[in-house]
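*Asks:* Take this structure, written in structure tokens, and hold onto it; I'll ask about it next.
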Amino acid sequence: MRLNDARILLTGASGGLGQALAQALAREGASLLLVGRDQNKLAALALGLPGGARSIATLAVDLNQPAEVARLAREAENFGVDVLINNAGINAFGLFEQRDWSCAADVLETNLAAPMRLTHALLPLLRARDHAAILNIGSTFGSLPFPGFIAYSSAKAGMKGFSQALRRELSDSQVEVLYVAPRAIDTPLNSAAVNALNAELGSRHDTPERAARQIIAALAAGRSETHLGFPERLFAWINGVAPALIDRALAPKLAVVKRHANVASPGSR
Ligand SMILES: NC(=O)c1ccc[n+]([C@@H]2O[C@H](COP(=O)([O-])OP(=O)(O)OC[C@H]3O[C@@H](n4cnc5c(N)ncnc54)[C@H](OP(=O)(O)O)[C@@H]3O)[C@@H](O)[C@H]2O)c1
């Protein structure tokens, strides 16, 4: 994919990774349709982007509202979008049984159903292009499901499955479907409790700029599936072939996860 003449719809543009992606894509000369929920944040981001972008537009949309997604699809058509980056997402750390169902439902809706809905709405447009791409942002937890992150891990595993199935369904078309799974990134997605958990577990993390560079390299190269970080990609692979080994490796860490989850959600056991 040649980024300097790509016309890219980026969701979650106002977030930590989204801003870094927008900066890097603008430097590559791509045209950007930046999407988030807060028009002020999007306007500030657009103003601060480095020169190089051919054109920049912003649109405030709640991706969990089907009517707003339909409005976004019309804007995407006007903008001439040929690349969709499904990057918007939320997190919820806590023990599954201690949290209201609405918490899991929000994560599943935002991190899985919403990107599938948006992709469905844009497919006729993307199919009409000479060359198009859909890039789904997953997570290490999509391949290495983690206690304390049940809904998030489930949604990201769903994003991986969605990406693989869609790639196979579109394999006779000119639409590429790519999936990138970052490891932890220093962004507002992670609460203080998650950062404390990661520090105690010694989990490695990337700056948003480093993660964005690797994601854009995967997009430019058309790499179908990319897992960022080592040893995270090794653990994800082991989980795929021998999940019982990962069950055993994570069991001693459960007490640590529970302690931090209790701080995140006081009153839970
Ligand atoms: N940070 C990490 O450790 C990490 C690791 C692996 C993967 N990821 C993935 O990377 C992606 C970006 O995350 P991030 O770290 O940049 O998170 P972030 O800083 O919290 O940003 C999240 C973005 O998603 C947008 N968003 C959330 N709900 C939305 C909705 N209903 N409608 C429209 N936009 C919505 C937010 O918009 P507002 O500004 O309007 O709230 C914001 O732009 C996510 O898919 C995340 O799962 C993150």
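The values are calculated or read from the model by the stated rules, or taken from the named source; none is laboratory data. A quick note: this is a predicted structure, and the numbers were derived from the prediction, not measured. Glycine gets a Cβ as well: all are built from the backbone with ideal geometry, and neighbour counts include every protein chain shown. Accessible surface areas use protein heavy atoms only, side chains included; no ligands, DNA or RNA. Shrake-Rupley method; radii C 1.70, N 1.55, O 1.52, S 1.80 Å.
*Asks:* Can you pull out every residue in region 208-255 that is open to solvent by 40 Å² or more (accessible area, probe 1.4 Å), outside any helix (DSSP H, G or I) and under 30 Å from His131 (Cα atoms)?
*Replies:* Arg223, Ser224, Glu225, His227
*Asks:* Answer with yes or no whether Val81 is surrounded by 17 or more Cβ atoms within 10 Å (Cβ to Cβ), more than 8 Å from the ligand (Cβ to nearest atom) and assigned to a loop (DSSP other than H, G, I, E, B).
*Replies:* On the way: surrounded by 17 or more Cβ atoms within 10 Å (Cβ to Cβ): yes; more than 8 Å from the ligand (Cβ to nearest atom): yes; assigned to a loop (DSSP other than H, G, I, E, B): yes.
Here the answer is yes, as Val81 does meet what is asked.
*Asks:* For Ala264, work out the one condition from (1) modelled with pLDDT of 95 or more; (2) away from the ligand (no atom under 14 Å from the Cβ); (3) within 23 Å of the chain's Cα centre (by Cα) it doesn't fulfil.
*Replies:* Unmet for Ala264, out of (1) modelled with pLDDT of 95 or more; (2) away from the ligand (no atom under 14 Å from the Cβ); (3) within 23 Å of the chain's Cα centre (by Cα): (1).
*Asks:* Now, a different point. Can you spot a residue in region 101-108 that is open to solvent by 20 Å² or more (accessible area, probe 1.4 Å) and within 21 Å of Leu21 (Cβ to Cβ)?
*Replies:* No; the residues of region 101-108 include none that is open to solvent by 20 Å² or more (accessible area, probe 1.4 Å) and within 21 Å of Leu21 (Cβ to Cβ).
*Asks:* Need pairs with beta-carbon distance below 7 Å; first residue farther than 13 Å from Ile85 by Cβ and more than 10 Å from the ligand (Cβ to nearest atom) and within region 205-226, second assigned to a helix (DSSP H, G or I) and basic (Lys, Arg); sequence gap 6+ or separate chains.
*Replies:* Qualifying pairs under 7 Å: Ser224/Arg167.
*Asks:* Scan region 48-60 for residues that are assigned to a strand (DSSP E or B), modelled with pLDDT under 95 and either among the aliphatic types (A, V, I, L, M) or open to solvent by less than 40 Å² (accessible area, probe 1.4 Å) (or both) and jot them down. Break it down stepwise before answering.
*Replies:* Let us first name the residues in region 48-60 that are assigned to a strand (DSSP E or B), namely 51, 53, 56-60.
After this cut, where a residue has to be modelled with pLDDT under 95 as well, the list is 51, 53.
The answer is Ala53, and nothing else.
*Asks:* Of all residues in region 145-197, which are under 26 Å from Val81 (Cβ atoms), within 10 Å of the ligand (Cβ to nearest atom) and open to solvent by 50 Å² or more (accessible area, probe 1.4 Å)?
*Replies:* Listed by number, the list holds a single entry, Leu189.
*Asks:* Can you confirm whether region 61-78 contains a residue that is more than 11 Å from the ligand (Cβ to nearest atom), more than 21 Å from the chain's Cα centre (by Cα) and modelled with pLDDT under 95?
*Replies:* no
*Asks:* Something else: Just one of (1) closer than 30 Å to Lys258 by Cβ; (2) near the ligand (Cβ under 9 Å from one of its atoms) trips up Arg37, so point out which.
*Replies:* (1)
*Asks:* Somewhere in region 17-38, is a residue crowded, with 22+ Cβ neighbours inside 10 Å and in a loop (DSSP other than H, G, I, E, B)?
*Replies:* yes
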